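Chemist: Mind looking over this structure? Questions follow.
The values are calculated or read from the model by the stated rules, or taken from the named source; none is laboratory data. All of these numbers come straight from a predicted model, not from anything done at the bench. Backbone-built Cβ (ideal geometry, glycine too); neighbour counts: all protein chains shown. These area figures cover heavy atoms from the full protein model, side chains too; ligands, DNA and RNA do not enter into them. Shrake-Rupley method; radii C 1.70, N 1.55, O 1.52, S 1.80 Å.
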Amino acid sequence: MQGFELGRDFLMGTATAALQIEGGDRNNNWYRWCELGKIKDGSHCLRANDHYNRVEEDIALMRAMHNDTYRLGLEWSRIEPAPGQWSREGLDHYRRELELLLDAGITPLVTLHHFSHPLWFEDMGGWENRRSPEIFRRYTRTVVENLGDLIRDWITINEPNVYAMGSFLTGEWPPGKKSIPAYFRVLRNMVLGHILAYREIHAVRSARNFPGPTRVGVANHIRVFDPEDNALARGAARRLDYLFHTIVVRGMAEGKLSFPLGTGGCPLGKGFYMDFFGLNYYSRDIVAFSWKNPGMLFARLKTDPELPKNDLGWDIYPEGLYRICKEYYAKYKVPIYITENGICDADDDQRPRYICDHLEQVARLRREGIPVERYYHWTLMDNFEWTEGESARFGLIHCNFETQERTLRNSARLYGEICKAKAVTPEMAAKYLGA
Ligand code: IFM
């Protein structure tokens, strides 16, 4: 690799989610899912990385990697343990964590909902309940009133499409429902919840004169769906793209409920509700047509035998990052934050190349004038990877879950050098990639 520049104004950091790292909370939907024995390797989110008690240690690791910014999640159940009851302890904990980040010179980007929420919310049907957007707005308002002076950058909801699919379509995630109408009901409510939260964040921060600018977005999970070379496969790929991406992003950005989320109107009014386009990018799928898969809209997803795979068998396809940024920038013309990008790679033999190859696509986009402003690597350290549990290792930093010892992997050292230089130099490539 020749090396490339990212630019001094490019912000870099890591991303995490509260449930995946904090440990210790028994009042959320994933706690119950773990208790029901649904995690493949038998691990439990109660343990995770014990980050709730190790905030300083983990911020020191971010500093060691020269991170400018950090994407963290708030655990809703710690803030609103019962409907309308606010926990001073929960809010104070996050205030302290945010202050420590700011003192360390690290800009927080805060996620309000990242797959986990209080049990009381789950028990009323969660995002399937028609009152859920309003309940999410109320939670958002309390967070902004209490912490909004420290947070300028917000993600309302992480990967709404992945959440709705895992929790309401395939049933692999809590509450384990398998229903196509429920998938669309949940997405509709998440869209409305996002818009209410978007407005609330701007309104409260501006009414209180909190230091700006305020930036609010969504962490959109977008994949590349490339069809096999026949008309039926092309149709299947188009339908998947529409129902997994388009209706969700359009709803969140424009407030428009396209069929089947609605009939094309904007129930909360026309507007634009994304100050940046958050992109979580991991992989692509080849789409084949299959009569046997009506539940998947007659699509069968395949990997590409030519491409390298991560530990979970996902194709590694850096060009996809470039293609998606081009496509969505053409549509929405707002700055892009890569809110997640990373690899499950326990022995760390692919991660250094993965990082460089994806960042090379970012550099290419920036050279072409596409404003990719930030990159958050998923993830800081090995953590609780939902139904895969502790065995799927996405961390720059290795975590021994028994002892909670954190050890920098080679890729963490490389990432630290890149964050510092805002470039991949030929020397780094030679040292870490052997090329
Ligand atoms: O761990 C998840 C994260 O919570 C959401 N995006 C994908 C990651 C890797 O699977």
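Chemist: Check each of the GluC sites (Glu not before Pro) in segment 260-347 and keep only those in coil by DSSP with at most 13 other C-beta atoms within 10 angstrom; list them in order.
Modeler: 306
Chemist: Hey, which of these cross-link pairs are over 22 Å Cα-Cα: 309/420; 178/309; 270/333; 309/422?
Modeler: Listed pairs above 22 Å: 309/420; 178/309; 309/422.
Chemist: Another question about this same structure. Measure out, as a whole number of angstrom, how far apart the alpha-carbon centroids of segment 130-191 and segment 289-341 sit.
Modeler: Between the Cα centre of segment 130-191 and that of segment 289-341, the gap is 22 Å.
Chemist: Using a 1.4 Å probe and counting only protein heavy atoms, arrange 54, 185 so the residue with the most accessible area comes first.
Modeler: 185, 54
Chemist: In terms of the Cα gyration tensor, with a ≥ b ≥ c the square roots of its eigenvalues, is segment 243-318 rounded because a/c is under 1.5, prolate because a/b exceeds b/c, or oblate?
Modeler: Oblate is the answer for segment 243-318, as a/c is 1.5 or above yet b/c matches or exceeds a/b.
Chemist: Still on this structure, I have one more. Do you know the relative contact order of the chain, to the nearest whole percent, from alpha carbon pairs under 8 angstrom that are 6+ apart?
Modeler: About 20 percent, as a whole number.
Chemist: Still on this structure, please answer the following. Using a simple charge model, +1 on the beta-carbon of Lys and Arg, -1 on the beta-carbon of Asp and Glu, nothing else, what dipole does segment 294-435 show about its Cα centre, in debye to the nearest 20?
Modeler: 780 debye
Chemist: With every atom except the alpha carbons ignored, what do you get for Rg and Dmax of the chain, in angstroms?
Modeler: 20.5, 58
Chemist: How do 88-100, 258-270, 412-424, 187-199 rank on mean C-beta neighbours within 10 Å, highest first?
Modeler: 187-199, 412-424, 88-100, 258-270
Chemist: Say R0 is 51 Å: what FRET efficiency, to the nearest 0.05, do residue 347 and residue 209 get from their beta-carbon distance?
Modeler: For residue 347 and residue 209, the calculated efficiency is 0.50.
Chemist: Compute the distance in nm between two label points, each set 7 Å from the Cα along the Cα-to-Cβ direction, one at residue 1 and one at residue 421.
Modeler: Once both label points are built, they end up 1.0 nm from each other.
Chemist: Heavy atoms only, probe 1.4 angstrom, no DNA, RNA or ligands counted: give me 159, 228 ranked by accessible area, highest first.
Modeler: From most exposed to least exposed: 228, 159.
Chemist: When the accessible area of the chain is computed with all protein chains present and a 1.4 Å probe, what percentage of it is carbon and sulfur?
Modeler: 50 percent
Chemist: Using +1 at the Cβ of each Lys and Arg and -1 at the Cβ of each Asp and Glu in the chain, identify which of 175, 83, 249 lies farthest towards the dipole's positive end.
Modeler: About the Cα centre, the residue reaching furthest to the positive side is 249.
Chemist: Positive end of the charge dipole of the chain (Lys, Arg +1 and Asp, Glu -1 on Cβ, about the Cα centre): tell me which of 384, 45, 193 has its Cα farthest that way.
Modeler: Toward the positive end, the furthest listed residue is 193.
Chemist: Still on this structure: Set Lys and Arg Cβ to +1 and Asp and Glu Cβ to -1, take the dipole of segment 270-412 about its Cα centre, and tell me which of 334, 411, 352 lies farthest positive.
Modeler: The listed residue farthest towards the positive side: 334.
Chemist: Sticking with this one: Using Cα-Cα distances under 8 Å and only pairs 6 or more residues apart, what relative contact order does segment 357-433 have, in percent?
Modeler: Worked out over segment 357-433, it gives 16 percent.
Chemist: While we're looking at this one, here's another question. Taking the Cα centre as origin and putting +1 on Lys and Arg beta-carbons and -1 on Asp and Glu beta-carbons, what dipole magnitude results for segment 349-394, to the nearest 20 debye?
Modeler: The dipole magnitude comes to about 320 debye.
Chemist: Another question about this same structure. For the chain, give me the percentage of DSSP beta bridges that are antiparallel, rounded to the nearest 5 percent.
Modeler: Bridges in the chain that DSSP calls antiparallel: roughly 25 percent.
Chemist: What size of dipole, in debye to the nearest 20, comes out for the chain about its Cα centre when the only charges are +1 on Lys and Arg C-beta atoms and -1 on Asp and Glu C-beta atoms?
Modeler: It comes to approximately 1660 debye.
Chemist: Please work out how much accessible surface residue 428 shows to a 1.4 Å probe, ignoring ligands, DNA and RNA, in Å² rounded to 10.
Modeler: 10 Å²
Chemist: Packing-wise, with mean Cβ within 10 Å as the measure, how do 280-289, 145-154 rank, highest first?
Modeler: 280-289, 145-154
Chemist: Given an 8 Å cut-off on Cα distances and at least 6 residues of separation, report the relative contact order of segment 9-146 as a percent.
Modeler: Relative contact order comes out at 29 percent.
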